[in-house]
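Asks: Dumping the structure here so I can ask a few things about it.
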Amino acid sequence: MKIYLETLGCRLNYSEMETLGRQLVEAGHAVVESAEQADVCVLNTCAVTGEAARKSRQWARKLARSNPAARLAVTGCYATLAPEAVAGLPNVELVVSNQRKELLAELLQPWSAELDGEQWRRLAPDAPLHRPERTRAFVKVQDGCNNQCTFCIVTVARGPERSRPIDEIVAEMCRLTAEGFQEAVLTGVHLGGYGSEEPARWPAAPAAGKLSPLYALVAALLEQTDLPRLRLSSLEPWDIEPAFFDLWGQSQGRLCPHLHLPLQAGCDRTLKRMARRTRTASFRALVEAARTRISGLTLSTDIIAGFPGETAADFEESLRFVAEMDFAHIHVFPYSARAGTAAASFGGHLPVEERRGRVAALEAVAQQSGQAVRRGFLGQVRPVLWESLEQPANGAAAVWSGLTDNYLRVHASAPAGLSLENRITPTRLATLDGQVVWGEVTSNE
Ligand code: SF4
């Protein structure tokens, strides 16, 4: 079969589709670049906000329109939360929940038998096959979340925490390194919940001096693989034990000095109603410890604007705290009521315009602190992993685009006749260019 894979949402969703793509190719199917070429389309949906759910429906209809002959299988959080609604969309013949997503390759198999085998075998040898990205791999290490943040539908859609064994992840990392990947990003719904389902084997709460299961996983990956760069995706602030920062000192620069710590609000009153297990004082202390222990660290975060009951004074307090934290990147989300979450039934929901106004104010802070963080690294030489050659819209010369170890987007002019794709080079961070830093490749050895 020729199969087209489309993914919406988080890194975990991308990681799951990369794995599915690999399984399908190993089973002899072809992963193709467009729905028009496909016998089957698979859509991995998202439902973190109302807008994400709307986009998931929109994409399902778009795939059906772009190839009415193709069968459509839909999975992911929206398919898990609204299976009937998804089953009613055009061309949808299979709806698979998150809990059964890992069986997708098997669940699609009967279709290849039904589809004319002859047709399958007739796959044109020059059919453009989808070459998955070879620069950075998203590696799923756990799924689910046992927390109950009052705004969050993900914990409903993904279920309780469950983790992959360390040796299985180490083996995958070695395979990815052998395939030429330069960087891997550890992903999960609640990364800090890694290993929580085995309290006997791993003490759940990272008590003083006790190392968390995630510490053990990262240490094993640094010791047992040659992967050049290891990055952590989102980490809940309450999951990090003080000793966790020692890992950076032991990694010889392989563990990327960037942490994404979702704060969600900079006001304790709001954090309490969100049922977040952090407060501004403990978050500030964690950030100070991280900055002291991890050289070249940058921080990013998620902030919800306009949570039900957030007064103007709460918001001002939140804005001040967010500005104080000097985040390099801030993902700002207008509060989105999700049926099935506790906050959806809270009082004090704010009008859309008010939420939009608060998003704009937070994005202004994000712009300023991001620029200040980038400016602070000018003049430094940092390792950049180059991803792609980009052709500016104004017809100017093509530029290479990549990310530093501490997650700054960098552009650099293309050395004549030399491809930087999927290479890590020391690069001087020279000037600011909007959201991007302009770099000079100091050596391409
Ligand atoms: S920690 Fe909170 S926000 Fe994150 S997935 Fe779990 S419940 Fe949702």
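The values are calculated or read from the model by the stated rules, or taken from the named source; none is laboratory data. Because the structure is a prediction, the values reported are computed rather than measured. Because the Cβ atoms are built from the backbone with ideal geometry, glycine has one as well, and the counts that use them run over all protein chains shown. Only protein heavy atoms, including side chains, enter the accessible area calculation; ligands, DNA and RNA are left aside. Shrake-Rupley method; radii C 1.70, N 1.55, O 1.52, S 1.80 Å.
Asks: Over the chain, with a Gaussian network built from C-alpha contacts below 10 Å, which listed residue (219, 281, 184) shows the highest mean-square fluctuation?
Replies: In this elastic network of the chain, the residue with the biggest mean-square fluctuation among 219, 281, 184 is 281.
Asks: Moving to a separate point now. Residue-wise, which Karplus ³J(HN,Hα) couplings in Hz belong to the stretch 390-403, taking 6.51 cos²θ - 1.76 cosθ + 1.60, θ = phi - 60°, and x for glycine or proline?
Replies: Couplings: 10, 9, x, 4, 7, x, 5, 4, 4, 10, 7, 10, x, 10 Hz.
Asks: Here is a follow-up. Work out the FRET efficiency for residue 285 and residue 368 from their Cβ-Cβ distance, taking R0 = 22 Å, and round it to the nearest 0.05.
Replies: Working: r = 24 Å, r/R0 = 1.08.
Taking R0 as 22 Å, the efficiency between residue 285 and residue 368 is 0.40.
Asks: Additional query: Return the sequence-ordered ³J(HN,Hα) values of the stretch 21-28 in whole Hz as given by the Karplus equation 6.51 cos²θ - 1.76 cosθ + 1.60 applied to θ = phi - 60°, using x for Gly and Pro.
Replies: Calculated HN-Hα couplings, in order: x, 5, 5, 5, 5, 5, 8, x Hz.
Asks: Additional query: Would you mind pulling out the separation of the Cα centroids of the stretch 48-69 and the stretch 259-317, in Å?
Replies: 33
Asks: Compute the relative contact order of the chain as a whole-number percentage, counting only Cα pairs closer than 8 Å that sit 6 or more residues apart in sequence.
Replies: Working: 857 pairs, mean separation 44.7, N = 445.
Taking the mean separation of contacting Cα pairs over the length of the chain, I get 10 percent.
Asks: Share of the chain's accessible area from carbon and sulfur, percent, 1.4 Å?
Replies: Details: 10450 of 19220 Å².
So the carbon and sulfur contribution to the accessible surface is 54 percent.
Asks: At q = 0.28 Å⁻¹, work out log10 I(q)/I(0) for the stretch 16-79 with the Debye formula, treating every Cα as an identical point scatterer and leaving solvent out; two decimals please.
Replies: Relative scattering, expressed as log10 I(q)/I(0), comes to -1.20.
Asks: Which value, in Å², gives the accessible area per residue of the chain when a 1.4 Å probe is used on the protein heavy atoms? Walk me through the numbers before you get to the answer.
Replies: Numbers: 19220 Å² over 445 residues.
Result: 43 Å² of accessible area for each residue.
Asks: Still on this structure, please answer the following. Normalised by the residues of the stretch 133-256, what does the relative contact order come to in percent, with Cα pairs under 8 Å and at least six apart? Write out the running numbers ahead of the final one.
Replies: Values: 203 pairs, mean separation 34.0, N = 124.
Relative CO of the stretch 133-256 lands at 27 percent.
Asks: Just 221, 429, 107 to compare: in a GNM of the chain, with alpha carbon springs under 10 Å, which one fluctuates most?
Replies: Among 221, 429, 107, the largest GNM mean-square fluctuation belongs to 107.
Asks: May I ask which residue of 253, 432, 349 lies farthest towards the positive end of the charge dipole of the chain, with charges of +1 (Lys, Arg) and -1 (Asp, Glu) on Cβ and the Cα centre as origin?
Replies: 349
Asks: Now for a different question. Which value in deg cm²/dmol, rounded to the nearest 500, describes the helix-derived mean residue ellipticity at 222 nm for the chain, given -39,500 (n - 2.57) per DSSP H run of n ≥ 4 and division by the residue count? Display every interim value, and only then the final one.
Replies: Working: 14 runs with 152 residues, N = 445.
Result for the chain, helices only: -10500 deg cm²/dmol.
Asks: Another one. Sorted by accessible area (1.4 Å probe), largest first, how do 267, 152, 174 line up?
Replies: On the way: 267 0, 152 35, 174 55 Å².
I get 174, 152, 267, largest accessible area first.
Asks: With a sphere of radius 11 Å drawn around the Cβ of residue 278, what net charge do the other residues whose Cβ falls strictly inside it have (Lys, Arg +1; Asp, Glu -1)? Don't jump to the answer; show the numbers that get you there.
Replies: Values: positive: 272, 276, 277, 279, 284; negative: 236, 239, 268.
So the environment of residue 278 carries a net charge of +2.
Asks: In vacuum, with every alpha carbon of the stretch 308-410 counted as one equal point scatterer, what does the Debye formula give for log10 I(q)/I(0) at q = 0.17, 0.19, 0.23 Å⁻¹? Two decimals, please.
Replies: Cα-only, vacuum Debye calculation for the stretch 308-410: -0.91, -0.99, -1.20.
Asks: Sorted by average packing, counted as other Cβ atoms within 10 angstrom per residue and highest first, what order do 188-197, 55-64 take? Mind dumping the intermediate values first?
Replies: Values: 188-197: 23.7, 55-64: 18.9.
Result, highest mean Cβ count within 10 Å first: 188-197, 55-64.
Asks: Can you give me the long-range amide H partners of residue 388? Hydrogens built in the peptide plane at 1.01 Å from N, cutoff under 5 Å, separation of 5 or more residues or another chain.
Replies: It is 401, by chain and number.
Asks: Can you compute 3J(HN,Hα) from phi for each residue in the stretch 246-263, using the Karplus curve 6.51 cos²θ - 1.76 cosθ + 1.60 with θ = phi - 60°, rounded to whole Hz and x for Gly and Pro?
Replies: 4, 4, 5, x, 8, 8, 6, x, 7, 8, 5, x, 9, 10, 9, 10, x, 8
Asks: Here's something else I'd like to know. Using amide H atoms built in the peptide plane, which far-off residues or other-chain residues are under 5 Å from residue 433 H to H?
Replies: Residues meeting the amide H criterion: 438.
Asks: At R0 = 51 Å, how high is the FRET efficiency between residue 398 and residue 313 if r is their beta carbon distance? Nearest 0.05 is fine. Before the final figure, lay out each step's value.
Replies: Values: r = 50 Å, r/R0 = 0.98.
The pair residue 398/residue 313 has a calculated efficiency of 0.55.
Asks: Under 10 Å, Cα contacts only: if you run a Gaussian network model on the chain, which one of 290, 342, 69 comes out with the highest mean-square fluctuation?
Replies: 69
Asks: Further, regarding this structure: Keeping all protein chains in place and using 1.4 angstrom, which order do 14, 335 fall into by accessible surface area, from largest down? Write down the numbers at each step before the final one.
Replies: Details: 14 95, 335 10 Å².
Descending accessible area places them as 14, 335.
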